[in-house]
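Asker: Structure below; questions to follow.
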Amino acid sequence: KQIKIKNYKIIIPKFIQTFQIIDRFEKINFDVYFASGLPSQNNKSGGGIYRVIGNFDNYKIKKIYKGNCHCIKKLNSKHFVFTDINRGIIEIDKDGIIKNIIKLKNKPHGLTFDDKGNYIVCLSGSDTILRISRKGKFLNEINIFESKNTNNSKAHMNDIFFHKGKLYISMFSLSGDLEKEKFNGGVISLSLKNLKKKIFIKNLIMPHNII
């Protein structure tokens, strides 16, 4: 039934509109993939790649890859790519079948693509960034600090993002003093043209994902 009200203005409070948004969100059907960097203990829990299908009231979770995984990205409608800190860059299909492996050392963590579709991966174990073709050819290497670190991380880079010729990298220690337990984390920007870097965001504690 319609309520006929003359010469009155009805105002709906914003918090009621928020409930409408939440209600619509909770009714969404989804098919999502996510990565877990926890130690991989078995085929049902711990680190790996998971697929979740359903809605918030009824869903199924399936582990499709076992490993210490980070930063899953969509390659196309059929394939995904992610990093496994013990193996490298892994490409899989929707069912978890491995299509390609690019073997890497020093704990590959964050992953992004440049404007030509090449992989750019940060190695959290050596404070190094690698640019690699989709076929696994090493194109170039960038050291975050002047001296190459191959033993212990000074910064612990987490995630990386490419935008308009620049990389944006999150890390636990902007000054490279992680060994001294100095957690002055943040995000730096790094130009791929001249390799100049500057602090983009500071005063963060253990920053991770960049979207």
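Asker: Taking 25 Å as R0, compute the FRET efficiency from the Cβ-Cβ separation of residue 78 and residue 135 and round it to 0.05. Don't jump to the answer; show the numbers that get you there.
Answerer: Values: r = 18 Å, r/R0 = 0.72.
With a Förster radius of 25 Å, E is 0.90.
Asker: Can you list the GluC sites (Glu not before Pro) in the range 103-179 that are in a DSSP coil and have 13 or fewer other beta carbons within 10 angstrom?
Answerer: Sites meeting the loop and neighbour criteria: 146.
Asker: Let me ask something else about it. First obtain the Kirkwood hydrodynamic radius of the range 142-211 from its Cα pairs, then insert it into the Stokes-Einstein equation at 4 °C and 1.567 mPa s, and state the resulting D in µm² per second as a whole number.
Answerer: Diffusion coefficient, whole number: 107 µm²/s.
Asker: Over the Cα atoms of the range 26-78, Rg to Rh with Kirkwood Rh, two decimal places?
Answerer: 1.01
Asker: Suppose accessible area is computed on protein heavy atoms with a 1.4 Å probe; arrange 15, 172 from highest to lowest.
Answerer: The ranking, largest first, comes out as 15, 172.
Asker: Let me ask something else about it. Scattering from the C-alpha atoms of the range 11-120 alone, worked out with Debye: what is log10 I(q)/I(0) at q = 0.22, 0.23 1/Å?
Answerer: -1.14, -1.21
Asker: Can I ask one more? Within a Cβ distance under 12 Å of residue 68, other residues only, what is the Lys/Arg minus Asp/Glu net charge?
Answerer: Charge balance near residue 68 sits at +2.
Asker: Ok, one more. Ranked from the most accessible area to the least, with a 1.4 Å probe and all protein chains present, what is the order of 139, 204, 130?
Answerer: Result, largest first: 139, 204, 130.
Asker: Compute the convex hull volume of the Cα atoms of the range 93-211, divide it by the residue count, and report the result per residue in Å³ as a whole number.
Answerer: Looking at the range 93-211, the number lands at 120 Å³ per residue.
Asker: What 222 nm value per residue comes from the helices of the chain, counting each DSSP H run with n ≥ 4 as -39,500 (n - 2.57) and dividing by all residues, nearest 500 deg cm²/dmol?
Answerer: My calculation for the chain gives -2000 deg cm²/dmol from helical runs alone.
Asker: Under the 0.36 nm per residue contour assumption, what length would be gained going from the current alpha-carbon distance of residue 11 and residue 30 to full extension?
Answerer: 3.5 nm
Asker: Excluding residue 53 itself, what net charge comes from residues whose Cβ is under 11 Å from its Cβ, given Lys and Arg +1 and Asp and Glu -1?
Answerer: +3
Asker: Across all directions of projection, what mean area in square nanometres is found for the Cα convex hull of the chain?
Answerer: With every direction weighted equally, the projected area is 17.7 nm².
Asker: Just to confirm a number: summing +1 for Lys and Arg and -1 for Asp and Glu over residues other than residue 115 whose beta-carbon lies under 13 angstrom from that of residue 115, what do you get?
Answerer: Values: positive: 116, 131, 164, 166, 193; negative: 114.
It works out to a net charge of +4.
Asker: Taking only Cα atoms, what is the 0 to 90° angle, nearest 10, from helix 14-26's long axis to the longest principal axis of the chain?
Answerer: 70
The values are calculated or read from the model by the stated rules, or taken from the named source; none is laboratory data. Remember, predicted model here, so these are calculated numbers, not experimental data. Quick reminder, even Gly has a Cβ in these numbers, built from the backbone with ideal geometry, and neighbours come from all protein chains shown. Ligands, DNA and RNA are stripped out before the accessible areas are found, and what is left, the full protein with its side chains, is counted by its heavy atoms. Shrake-Rupley method; radii C 1.70, N 1.55, O 1.52, S 1.80 Å.
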